[in-house]
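Presented below is the structure to which this report refers.
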Amino acid sequence: MDEKNSTENELEEPTLEEMISEEENKDKKKKKGRRKWFSRKRDHEQNYDEQGNYVPREKPRHGLYSDYYGPMIEDEKGRKAGKFFFKEYNSLGRHHFFGEFLIVLIFGIFFAFGGYNLYYIGGPIRDAYAESGIDITEYYGYLKYGLYIILIIFAVWIISLAISYYMVKIFGKIAPILMFTLVFLEIGLLVLLYLNFEWEYNWIFILLVIPNVLMLTLWYKKFKKAIHIVRMSSIAVSKQREILVPQITQTLWIIFLSFFHIITTINTFFEITPITGATFEIRESTYEISKGWIFFAYSCLFVFCIFVIYFVSQGMKMLMVHNWYRGGGSMGFWKAFHVIRYRWWGIIGYAFSSAIIHMLQSLRKMIKGDFGPKNVKECFTQTGELIPTQVNALRTKKGTPWYERIWMSLNFYSLPCIVIENRLYHQALIRSLYLSIRDIPSRYIKRSKVDVLFYFIKYALIVINGLVGALFGYGIARYFDVSGYTRYAVVGITIMVFLWVAGGTSTLIVNDLNNSYITILFIHTIDELNNKEYFTLNELGKLKGDTTITEVEMKEKKHKWYQFRKKKKEKKEMKKTNEEK
């Protein structure tokens with residue numbers, strides 16, 4: 001009997017395999033009960049197969065940025081580098097046809113209303129020209145001199161750009177010296193002020209020393225990372241010169257939009273167009289929209305369009321830097337724009353909310369009745385005031401209200417989250433807040449030291465361009481054998497031209513440096529968040545046995561030169577042997 005009971009108990013007890021299968025079934029049931037967005041998460045090991053090839057998801061719309069971290073590579077010395085699936089990453093997201101149609105429609109409305117105003121302002125201009133009796137053909141000869149001036153300015157612009165790119169390379173190499181110099185100079189200055197400045201609250205100077213001391217102690221790794229990012233951003237700007245194309249395109253678009261807004265402003269407030277407003281009835285009550293409110297709505301469209309252009313051009317630059325820094329090489333203008341077309345809803349949300357924040361000050365003026373120019377000159381100034389500060393700019397425009405400055409600070413990482421991680425705007429804003437709070441030291445170092453360094457680079461580039469202009473002026477004076485005060489005049493004019501052009505080129509270069517810094521900082525931040533810290537170009541360079549990208553390039557050049565000399569020697573030896581024979 002005891003034997004029969006023992007055998008029955010053995011049969012009833014579950015085996016180890018059955019227990020494991022039961023636990024797996026429980027886990028599956030739990031997962032089925034979870035909410036849908038949790039199903040997007042998966043382990044990084046599922047991103048690629050045993051051969052290291054990318055494995056896509058069953059549903060591409062569930063794709064995440066973390067899906068594109070590939071396998072790790074390690075050499076004999078234990079140096080690691082990760083493979084990033086950047087080619088597959090360029091298809092992350094989907095094309096939003098309706099979002100693109102909405103943007104085209106908004107731009108179409110803006111240009112249609114602006115063209116309507118341009119048509120009506122053209123009539124009085126034609127009448128005034130007919131009454132004046134001026135023959136414009138008499139001034140065609142002066143166009144030749146205008147073209148010469150344009151060509152000279154373009155040539156100076158090219159020279160200034162070449163000088164700026166070369167100097168950015170040098171500043172990138174000496175970035176550690178400059179950054180440490182800034183820290184020690186600030187500490188020394190604050191200590192001197194504390195010792196020599198008699199003031200009741202001079203203890204504030206000692207408090208300001210504390211962040212600089214933290215950079216050299218507790219935040220030293222963050223400080224070193226900032227130096228590394230400055231170096232890499234300078235290499236990105238000097239090597240990936242196609243980054244400049246979206247910035248130039250952005251400038252041309254803003255000029256084009258501003259032209260139509262100025263025309264509309266003149267027509268609206270000086271009563272050239274026949275538009276007087278609109279009235280409509282709702283449930284036996286009439287509502288009237290004045291001409292001023294129509295113009296205000298047009299100004300809101302103007303600001304929205306500018307924000308869209310800002311986010312598209314800056315986003316394209318971020319994608320170019322991201323592709324290069326991940327090891328994918330250069331990314332062309334149209335390829336970057338193709339990826340941006342997958343991000344329309346995030347850009348629309350960001351542009352819409354930013355336009356609302358920016359237009360609050362103008363809305364207050366409109367309610368008070370102060371919105372609008374009093375003369376033609378103010379039409380130009382008002383359009384200039386309506387143009388918002390560029391996203392993540394080094395310096396905000398004068399007159400920017402405090403709430404807009406806070407808004408810009410909260411959205412520090414919003415554009416990279418939209419463009420690089422393919423997030424909608426509300427997700428990007430929450431992500432930006434989280435990343436900023438998570439890494440406050442990096443934000444402080446960027447604001448207090450890196451921005452100062454970029455300002456220094458900007459003004460240094462202007463001064464260097466001025467010196468080059470002086471050399472050019474002196475060379476021109478010597479070539480044409482000019483002496484006396486005329487020589488000084490020639491040198492002075494060339495210096496002024498070079499300084500004027502350098503003001504624009506240095507701004508372009510520093511904007512690209514700042515944009516590249518934010519992009520690379522964002523890449524490092526999300527890599528730390530995903531525990532994937534070896535997926536950058538610098539790590540790939542170390543795997544080859546090189547410490548920096550510049551050393552890789554130098555060794556490649558030396559290798560090519562060595563091969564050339566070796567072939568030359570072999571040819572000489574072959575000649576000698578043939579002669580001896």
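The values are calculated or read from the model by the stated rules, or taken from the named source; none is laboratory data. In this text, all values refer to a predicted model and were calculated from it rather than measured experimentally. Using ideal geometry, Cβ is built from the backbone for each residue, glycine included, and neighbour counts are taken over all protein chains shown. Accessible surface is based on the protein model in full, side chains and every heavy atom, while ligands, DNA and RNA are left aside. Shrake-Rupley method; radii C 1.70, N 1.55, O 1.52, S 1.80 Å.
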Task: Filtered residues of the range 367-394 (kept if more than 23 Å from ARG405 (Cβ to Cβ) and either at pLDDT 85 or above or open to solvent by 30 Å² or more (accessible area, probe 1.4 Å) (or both)) - done: GLY369, LYS374, ASN375, VAL376, LYS377, GLU378, PHE380
- [ ] Could you list, in sequence order, all residues of the range 108-148 that are open to solvent by 60 Å² or more (accessible area, probe 1.4 Å), at pLDDT 80 or above and hydrophobic (A, V, I, L, M, F, W, C)?
- [x] ILE109, ALA112, LEU118, LEU147
- [ ] Could you grab me the full set of residues in the range 176-218 that are open to solvent by less than 60 Å² (accessible area, probe 1.4 Å) and within 30 Å of LEU537 (Cβ to Cβ)?
- [x] PRO176, LEU178, MET179, PHE180, LEU182, VAL183, LEU214, MET215, LEU216
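When you check VAL450 against the structure, is it closer than 19 Å to THR396 by Cβ and in contact with a Phe, Trp or Tyr (Cβ under 9 Å, 6 or more places away or on another chain), yes or no? So that I can check it myself, show each step before the final result.
Numbers: closer than 19 Å to THR396 by Cβ: yes; in contact with a Phe, Trp or Tyr (Cβ under 9 Å, 6 or more places away or on another chain): yes.
It is true that VAL450 is closer than 19 Å to THR396 by Cβ and in contact with a Phe, Trp or Tyr (Cβ under 9 Å, 6 or more places away or on another chain).
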Open item on the list: For the range 375-394: of the residues being over 27 Å from the mean Cα position of the chain (by Cα) and touching a residue at least 60 places away in the same chain (Cβ under 8 Å), which is farthest from LYS317 (Cα to Cα)?
Closed with: VAL376
- [ ] Return the residue satisfying two criteria in turn: it lies in the range 158-172 and is small (Gly, Ala, Ser) and under 16 Å from THR507 (Cβ atoms), and of such residues it is surrounded by the fewest Cβ atoms within 10 Å (Cβ to Cβ).
- [x] SER164
Task: Top-ranked residue of the range 516-536 - restricted to ones that are open to solvent by 10 Å² or more (accessible area, probe 1.4 Å) and touching a Lys or Arg at 6+ places or on another chain (Cβ under 7 Å), ranked as modelled with the lowest pLDDT - done: TYR534
- [ ] Those residues that are more than 16 Å from the chain's Cα centre (by Cα) and either closer than 19 Å to LEU64 by Cα or not polar (S, T, N, Q) (or both), I need them from the range 494-523; list them, please.
- [x] ILE495, MET496, VAL497, PHE498, LEU499, TRP500, VAL501, ALA502, GLY503, GLY504
TODO: For GLU50, work out the one condition from (1) in contact with an Asp or Glu (Cβ under 9 Å, 6 or more places away or on another chain); (2) in a loop (DSSP other than H, G, I, E, B); (3) at pLDDT 70 or above it doesn't fulfil.
DONE: (1)
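Restricting to the range 395-406, name every residue that is surrounded by fewer than 17 Cβ atoms within 10 Å (Cβ to Cβ), assigned to a helix (DSSP H, G or I) and touching a residue at least 24 places away in the same chain (Cβ under 8 Å). Lay out the reasoning, then the answer.
Step one: filter the range 395-406 for residues surrounded by fewer than 17 Cβ atoms within 10 Å (Cβ to Cβ), giving 395-403, 405-406.
Then keep just the ones that are assigned to a helix (DSSP H, G or I); that gives 402-403, 405-406.
Passing the criteria: only TYR403.
Among the residues of the range 341-355, is there at least one that is among the polar types (S, T, N, Q) and farther than 20 Å from LEU410 by Cα?
The first filter runs over the range 341-355 and keeps only residues among the polar types (S, T, N, Q), leaving 353-354.
Filter once more, so that each one left must be farther than 20 Å from LEU410 by Cα: none.
No, there is no match, as no residue in the range 341-355 is among the polar types (S, T, N, Q) and farther than 20 Å from LEU410 by Cα.
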Open item on the list: Based on this model, can you work out whether ARG443 counts as in a helix (DSSP H, G or I), modelled with pLDDT of 90 or more and crowded, with 19+ Cβ neighbours inside 10 Å?
Closed with: no
Task: Boolean, ILE418 is under 28 Å from HIS228 (Cβ atoms), over 18 Å from the mean Cα position of the chain (by Cα) and β-branched (Val, Ile, Thr) - done: no
TODO: Working only within the range 236-257, note down all residues that are open to solvent by 20 Å² or more (accessible area, probe 1.4 Å) and of a type in the set (Val, Ile, Thr).
DONE: VAL245, ILE248, THR249, THR251, ILE254, ILE255
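I'm checking my understanding of the structure. Among residues of the range 325-363 that are of a type in the set (Lys, Arg) and open to solvent by 10 Å² or more (accessible area, probe 1.4 Å), which one is farthest from ARG423 (Cα to Cα)?
Among residues in the range 325-363 that are of a type in the set (Lys, Arg) and open to solvent by 10 Å² or more (accessible area, probe 1.4 Å), the one farthest from ARG423 (Cα to Cα) is LYS335.
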TODO: Take the residues in the range 469-483 that are over 21 Å from LEU161 (Cα atoms) and open to solvent by less than 70 Å² (accessible area, probe 1.4 Å), then tell me which one is modelled with the lowest pLDDT.
DONE: VAL482
Open item on the list: For the range 429-440, give me the residue count where each residue is surrounded by 15 or more Cβ atoms within 10 Å (Cβ to Cβ) and not hydroxyl-bearing (Ser, Thr, Tyr).
Closed with: 5
